[in-house]
Every structure is written in C-alpha cells, then in structure tokens.
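> Below is the structure I would like to discuss, written out as structure tokens.
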Amino acid sequence: MDNITKGTLTELKCLTKLIELGYNVSVPQKPDRYDFILDTGKSLFKVQTKTSSLDENNEYISFATSSRHITQNSVVNHDYKNDNIDYFCTFYNDECYLIPVSDCGNREKRLRVAPTRNGQVKNICFAEDYLAQEVLSKL
C-alpha cells in the first residue's frame, strides 16, 4: 500500500473514532498545515494526522512530526510549530491517540506500547497517556 493511501486511512480512522466519541470535526476545503479541526464544544483545535508504525521490537509506535518535501537540490523538512497545529493524531491497534504538539520534538514522536526493559518510567511517553478519550476528558 502506498503512503498516500496509508495516510488517508489513518485520517479516516481518526476522524471516525473522534466522531464516535461524540466530537465534531471539520475538514478544510483547501490544503492547509492541519488535516481537520476538532470541536470539543468548548474549544476548536487544529489537528494534523500522522501514520504511526510499530518498531521491530514491538515496544513503541512512532510517527513523523515534520513534513518532508524534495526539491531539485535537497530534502526540506518543515516542522509543525504551535502556531500551525495544536495536536497530532494517530491511530494504532484500534485506538486513537491525541498528542499535543508541545509534547513533540522536531522530527519524530515515540509512544511506548510496552514497558521499558529496565523498568524506567520517568521521561517515558506511554501511548496509554495519549488515548484520545482521556486527553479530551481533561480539556
């Protein structure tokens, strides 16, 4: 499956899950830095959907936190800043995750789906902490 199809499926799964949770979503009519607006009834948030993948050891999922464009001379990365989007959204194993852009670095975000081998929990981002329904219940 090509990357465009994968991205479209991720976006549709995220939109569907958020609607099932009772939220409204709006999709821009022309290309923008965000994929949709999430309406919580109290606030509007710009959301960028990213396809995540599981690492080879089945320990974490990761997704890109920048977009990449190839020019004639180089590869250009465009970071998402707080003024572009409010959240990243991804879908893995029938769950939707909503991650504040302020919690993400410039290239990649990792969410643990399995405990660390050494038991470390400090400064570790666990996927369960970013479940969309949990994040939204705190807004």
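The values are calculated or read from the model by the stated rules, or taken from the named source; none is laboratory data. It should be emphasised that the depicted structure is a prediction, and the values quoted were computed from it without experimental measurement. Side chains are part of the model used for accessible areas, which takes the heavy atoms of the whole protein and leaves out ligands, DNA and RNA. Shrake-Rupley method; radii C 1.70, N 1.55, O 1.52, S 1.80 Å.
> Averaged per residue, what accessible area in Å² does the range 66-139 show with a 1.4 Å probe, protein chains only?
Each residue of the range 66-139 exposes 64 Å² on average to a 1.4 Å probe.
> Taking every DSSP beta bridge that has both residues in the chain, what percent is antiparallel when rounded to the nearest 5? Please list the in-between numbers first.
Details: 26 of 30 bridges.
Expressed as a percentage, antiparallel bridges in the chain total about 85.
> Please report, as a whole percent, how much of the solvent-accessible surface of the chain comes from carbon and sulfur atoms (probe radius 1.4 Å).
Result for the chain: 46 percent of the exposed heavy-atom area is carbon or sulfur.
> With viscosity set to 1.002 mPa s at 20 °C, what whole-number translational diffusion coefficient in µm²/s follows for the chain from Stokes-Einstein and a Kirkwood radius over Cα pairs?
136
> In nm², what is the average projected area of the convex hull enclosing the Cα atoms of the range 68-116?
Averaged projected area of the range 68-116's Cα convex hull equals 5.0 nm².
> Mind checking the full-extension length gain between Asp94 and Leu9? Use 0.36 nm per residue of separation minus the Cα-Cα distance, one decimal, nm.
Working: separation 85, 0.36 × 85 = 30.60 nm, distance 1.23 nm.
So the extension gain works out to 29.4 nm.
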